[in-house]
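**Student:** Structure incoming, see below.
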Amino acid sequence: FKMCPGRVICKLLCSGEKEVDLAVQSAKAAFKIWSQMSGMERSRVMLEAARIIREQREEIATLETINNGKSIFEARVDIDISWQCLEYYAGLAGSLAGEHIQLPGGSFGYTRREPLGVCVGIGAWNYPFQIACWKSAPALACGNAMVFKPSPFTPVSVVRLAEIFTEAGVPKGLFNVVQGGAATGQFLCHHPDVAKISFTGSVPTGIKIMEMASKGIKPITLELGGKSPLIIFSDSALENAVNGALMANFLTQGEVCCNGTRVFVERKILDVFTKEVVKRTQKIKVGDPLLEDTRMGALINRPHLDRVQGFIKQAKEQGAEVLCGGDLYVPDDPKLKNGYYMRPCVLGNCTDDMTCVKEEIFGPVMSILPFDTEEEVVERANNTKFGLAGGVFTRDIQKAHRVVAALKAGMCFINNYNISPVELPFGGYKSSGFGRENGRAAIEYYSQLKTVCVEMGDVESVF
């Protein structure tokens, strides 16, 4: 592979109904073996997979950068989070257990935590390898098998994950990859032998998946879009707040579902904050994502770049002011001239009713909005159909906890942003989806409880 923006890096066949069925049947056979293994046995295999990923970190990160366009600096972080996720769930695998409940007369009951079967994972194109690990690690720890469909825009790195699982010693077919778009996803969702669906992506696709899953009464996890608020109070440490705003908007070219793209700034520090954010944004190095000093690579494809540009154009028409960036960027290197690059953008003079403030742009575009009071900003922050994340910057710890308690969002940050340790649950409220990834919470979504009631005496009949 070489970094050749705008050119085809590989061709893969779409999986049709026949291929999807083969993948599911293969996973079903592997599930019979894997689900009968002890948690400790599963743990050892998962730890080996984590070791391989850690050992091949540089190679996989390079593959991911070519796959997605994000900087190699960020791709390495993604790969580290991936092996940490496998290690975390390997640690939980041996401790999964039910309860024993004492009943009258020496009778008792107990619960068993059992795997679901063949789970489907459908990934997004912004974090291809990491999302596959976030979904497969808890699934496998609980004893399930998984058939995973990556986005057709980023099909490559997940195949490497499947190879690593095989090298680590999982039963053949336990983690299968199918390739394709909406049609392939439909075959997976409708398949009668699929027990659960976990999807990361857009709200419209999430709605369709929910409808398809309802036909078979299949449990689902939906991790969808966001338009998250980042609230900067005047008593915050300015440099820290500026760093937070940059982290909340420009990671992975702004193509992050939980980004804090509505930056609410207390009016008394609006000018000084805005000036510093613009200065720092203009210094972000855009270009070849394989270079060590690059901090922003290329957007995923031409239609998406055009869509982001359309949002900026519309924002200007509605009265927003482009304070910096927003234009296309052509790197000096001739081999990058067809890349989908743009300069990170900061919009000022924004109001809550503008499209750029209401809709998810999914690109490097920050909207700055002034506010005056805590009560006002909380109400405005919650005035959205989304509820994935929210952030607060303040030195007042009571205010910080009071505000995050009032935010209708599943993932909140205090004096930081876009930190997602695998130990903490991740997921949203409202149209941002339901169910949780990561943390112990994910175990609930990849297993089911069986209750067993044992009578130690004679059955008393009422008949």
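The values are calculated or read from the model by the stated rules, or taken from the named source; none is laboratory data. Just so you know, these numbers come straight off a predicted model, no measurement behind them. A quick note on method: Cβ atoms are made from the backbone with ideal geometry, for glycine too, and the neighbour counts reach across all protein chains shown. Note: accessible area is taken over every heavy atom of the protein model, side chains too, but ligands, DNA and RNA are not part of it. Shrake-Rupley method; radii C 1.70, N 1.55, O 1.52, S 1.80 Å.
**Student:** With +1 assigned to the C-beta of every Lys and Arg and -1 to the C-beta of every Asp and Glu, and no other charges, what is the dipole magnitude of the chain about the Cα centre in debye, to the nearest 20?
**Tutor:** Rounded to the nearest 20 debye, it is 780 debye.
**Student:** Here's a follow-up. Could you tell me the relative contact order of the chain? Use alpha-carbon pairs under 8 Å, at least six residues apart, and round to a whole percent.
**Tutor:** Details: 1016 pairs, mean separation 88.8, N = 463.
Relative contact order, the chain: 19 percent.
**Student:** Find which of Ser151, Cys350, Val203 sits farthest along the positive direction of the dipole of the chain, computed with +1 on the beta-carbon of Lys and Arg, -1 on that of Asp and Glu, about the Cα centre.
**Tutor:** Positive-most Cα among the choices belongs to Ser151.
**Student:** Also, quick follow-up: Of the heavy-atom accessible surface of the chain (probe 1.4 angstrom), what whole percent is carbon and sulfur?
**Tutor:** Exposed carbon and sulfur together represent 54 percent of the surface.
**Student:** Which loop-located chymotrypsin sites (Phe, Trp or Tyr not before Pro) does the stretch 280-388 contain, where loop means any DSSP state but H, G, I, E or B and the Cβ has at most 12 other Cβ atoms within 10 Å?
**Tutor:** Answer by residue number: there is no such site.
**Student:** Another question about this same structure. Could you state how much accessible area Cys350 has, in square angstrom rounded to the nearest 10, with a 1.4 Å probe and all protein chains kept in place?
**Tutor:** In the full protein context, Cys350 sits at about 10 Å².
**Student:** Enumerate the amide H contacts of Thr221 below 5 Å, restricted to partners 5 or more residues apart or on another chain; note that Pro and chain-start residues carry no placed amide H.
**Tutor:** Long-range HN contacts for Thr221: Ile197, Ser198, Phe199.
**Student:** How high is the FRET efficiency from Val330 to Asp372, r the C-beta distance, R0 30 Å, rounded to 0.05? Before the final figure, lay out the partial values.
**Tutor:** On the way: r = 42 Å, r/R0 = 1.39.
Once the sixth-power term is evaluated, E becomes 0.10.
**Student:** Choose one of Pro229, Pro364, Leu388: the residue whose Cα lies farthest towards the positive end of the charge dipole of the chain (beta-carbon charges +1 Lys, Arg; -1 Asp, Glu; about the Cα centre).
**Tutor:** About the Cα centre, the residue reaching furthest to the positive side is Pro364.
**Student:** Could you give the length gained on full extension between Asp21 and Ala441, defined as 0.36 nm per residue of separation minus the Cα-Cα distance, in nm?
**Tutor:** Extra length available between Asp21 and Ala441 comes to 148.2 nm.
**Student:** Could I ask something else about it? In what order, largest first, do Arg343, Arg436 sit by accessible area if the probe radius is 1.4 Å?
**Tutor:** Arg343, Arg436
**Student:** Here's a follow-up. Of Thr274, Tyr329, Tyr446, which is farthest towards the positive pole of the chain's charge dipole, taken about the Cα centre with +1 and -1 on the beta-carbons of Lys, Arg and Asp, Glu respectively?
**Tutor:** Towards the positive end, the residue furthest out is Tyr329.
**Student:** Net charge within 15 Å of Gln448 by Cβ-Cβ distance, Lys/Arg positive one each and Asp/Glu negative one each, not counting Gln448 itself?
**Tutor:** Counting the neighbours of Gln448, the net charge comes to +2.
**Student:** While we're here: Which order do His401, His191 take by accessible area at a 1.4 Å probe, largest first?
**Tutor:** Solvent-accessible surface, decreasing: His401, His191.
**Student:** A follow-up question, please. Once both axes come from the Cα atoms, what is the angle between helix 128-141 and the longest principal axis of the chain, in degrees from 0 to 90, rounded to 10?
**Tutor:** 20
**Student:** Let me check I've understood the local charge: for Phe426, count other residues with C-beta under 13 angstrom from its C-beta, Lys and Arg +1, Asp and Glu -1. What total comes out?
**Tutor:** Cβ neighbours under 13 Å give a net charge of 0.
**Student:** If you stretched the chain out fully between Ser107 and Cys14, how much longer would it get, using 0.36 nm times the residue separation minus the C-alpha to C-alpha distance?
**Tutor:** Net length gain for the segment: 28.0 nm.
**Student:** Hey, for a label at Val272 modelled as a point 7 Å past Cα toward Cβ, could you say which residues of the stretch 379-422 have their backbone N under 14 Å away?
**Tutor:** What the label zone holds, given the 14 Å backbone N cut-off, is 395.
**Student:** All other residues with a Cβ under 14 Å from the Cβ of Ile79 taken together, and with Lys, Arg as +1 and Asp, Glu as -1, what is their net charge?
**Tutor:** -2
**Student:** Here's another thing I want to ask about it. Check the stretch 310-463 and count each lysine pair with an alpha-carbon distance under 27 angstrom, considering only pairs eight or more places apart or from different chains.
**Tutor:** 16
**Student:** Mind checking which aspartates and glutamates have their C-alpha under 20 Å from Lys32, skipping anything on the same chain fewer than 8 residues away?
**Tutor:** Correct list for Lys32: Asp21, Glu41, Glu114, Glu167, Asp193.
**Student:** When the solvent-accessible surface of protein heavy atoms is calculated with a 1.4 angstrom probe, in what order do Arg54, Arg160 fall, highest first?
**Tutor:** Per-residue accessible area, sorted high to low, gives Arg54, Arg160.
**Student:** Could you report the accessible area of Leu270 in Å², rounded to 10, computed with a 1.4 Å probe on the protein chains as they sit in the structure?
**Tutor:** Taking all protein chains as shown, Leu270 has close to 30 Å².
**Student:** Only Cα pairs under 8 Å and at least 6 apart count here; give the relative contact order of the stretch 251-395 as a rounded whole percent.
**Tutor:** In percent, rounded to a whole number, it is 32.
**Student:** If you don't mind, there's one more thing I want to ask. How high is the relative contact order of the stretch 327-434, given as a whole-number percent (alpha carbon pairs under 8 Å, six or more residues apart)?
**Tutor:** Result for the stretch 327-434 is 19 percent.
**Student:** How much accessible area per residue does the chain have, in Å², with a 1.4 Å probe? Before the final figure, lay out the partial values.
**Tutor:** Details: 20110 Å² over 463 residues.
Heavy-atom accessible area per residue stands at 43 Å².
**Student:** So what's Rg/Rh here for the chain, counting alpha carbon atoms and using the Kirkwood radius for Rh?
**Tutor:** Values: Rg = 23.6 Å, Rh = 23.3 Å.
In the chain, Rg relative to Rh is 1.01.
**Student:** How much length is gained if the chain between Asn383 and Arg57 is pulled fully straight, taking 0.36 nm per residue apart and subtracting their Cα-Cα distance, in nm to one decimal? If you can, show how the numbers build up before the last one.
**Tutor:** Working: separation 326, 0.36 × 326 = 117.36 nm, distance 4.12 nm.
Taking Asn383 through Arg57 to full extension adds about 113.2 nm, to one decimal.
**Student:** Can you give the helix-only mean residue ellipticity at 222 nm for the chain, where every DSSP H stretch with n ≥ 4 adds -39500 (n - 2.57) and the sum goes over all residues, rounded to the nearest 500 deg cm²/dmol? Show your work: numbers first, answer last.
**Tutor:** Values: 15 runs with 187 residues, N = 463.
Taken over the chain, the calculation gives -12500 deg cm²/dmol.
**Student:** Probe 1.4 Å, all protein chains in place: accessible area of Glu17 in Å², nearest 10?
**Tutor:** Here the accessible area works out near 120 Å².
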